[in-house]
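Have a look at the structure below, then the notes.
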Amino acid sequence: MKRLINLLIIMLLGFVFTGCSLKLEYDLHPPISSSAGYEKSTKQNVVYVYDNRQDKKFIKGMTALKSVDINIGNVDDPVSWLAQSLEKEYLSHNISATFTTDKTFKNSADATLTVNKYQIINSRTSGFHPYVAYHSFSGTITNSDSKDSVVSYFVYGKTPVWSMDEVQTPCFDMPSAILIKGIAAKVNRFALYYRMNDSQLKKLNKTTQEKVNSAVPEAYLSVLEIGQSNNPNAIGYLKPFTENSDTLIRACALSAFGMIGQEDTLDFLKEKFTQHIDIDRFMALKSIGDLGTPEAIQFLKDARKDPQYNDEYGFKFLVDLYLDSVQ
């Protein structure tokens, strides 16, 4: 009985968020671990990370969290934190690449990652609904050969039962890790050119299957690492994971399609978009946006007519993020 009373009190407090002056503080701790290897490159890599954000507000609340002061305690400068996280991500794959916001590298870096948007938006309708976090990034990666769009997105939620601390991992750590891996994959594909060979990719897939079958909590990260391989053969390994019974595994597998960026996967992604209704549907659409072809962009434009565009923030934010990046 006491447990039930406590639960009702917590729900009531959540329900009246809009009328309260509350402060919530979280950290970002993306789990960086990898069993993936890459072919070595002789290229010395320094990436200058340039902050070009027009909206400097890193974390925002909306709906019932609009009046709540949400803070990321371990991030003073989001773009510097992003640079450090990308460097750690590459290092976890035994790749030495420097990501720096130091302006002295502006003209000498091998590539420039321009950050146009980097933001976490949080929402909660009431104490009876999930706390949802929308992690978004958009920018460009430029080197001596090309300039390409870099967009990354993930959304996840959790209904806390006993404490708001319960949203730390599903709403902050996990989406942040997925976002970083998405950015790192595109920076690599467009500018740094590291690649897993077929033998390395086969080994990674075997490890990933074992983790998924054993329900290892961070198995989703291994699925994403298949997408980071920069090897087109990864598509064949990813397809079975899109049929997994676990929603997060399916969603990450579908998101990984966009990391590879094979244009001939468009029809497959359209099929998955039609098949699903929730986050895996969003990630199929996200990977369609990653393809960036005229047909893919038109599909995104048509998605603004989809009922979910007006009903689901996760869907709307995704569509707008990608279409804004191509304007």
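Some points to look at:
- Coil-residue trypsin sites (Lys or Arg not before Pro) of region 105-140, DSSP, other Cβ within 10 Å capped at 16: Lys106
- Seen against the Cα atoms of the chain and their longest principal axis, helix 266-275 is set at about 20 degrees.
- Taking 7 Å steps out from each Cα toward its Cβ at Ser245 and Asp324 produces label points 4.0 nm apart.
- Among the listed pairs Lys57/Lys286; Lys106/Lys186; Lys88/Lys186; Lys88/Lys316, those beyond 27 Å (Cα-Cα): Lys88/Lys316
- Projected label distance in nm at Phe128 and Glu295, using a 7 Å step from Cα toward the beta-carbon: 4.5 nm
- Mean Cβ neighbour count within 10 Å, used as a protection proxy, ranking 134-146, 46-58, 225-237 highest first: 225-237, 134-146, 46-58
- Gain on full stretching of the segment that runs from Lys57 to Ala215 - 0.36 nm per residue minus C-alpha separation: 53.2 nm
- The label point for Glu263 and the one for Ser80, both projected 7 Å from the Cα toward the Cβ, are 4.2 nm apart.
- The chain: angle of helix 198-213 to the longest principal axis, Cα-based, in degrees nearest 10: 20 degrees
- Pairs exceeding 26 Å between alpha-carbon atoms, taken from Lys117/Lys272; Lys117/Lys301; Lys158/Lys305: Lys117/Lys272; Lys158/Lys305.
Here, each number is a calculation from the coordinates, and none is a lab measurement. Because the structure is predicted, anything quoted here is derived from the model rather than measured. So basically every Cβ, Gly included, is an ideal-geometry build from the backbone, and we count neighbours across all protein chains shown.
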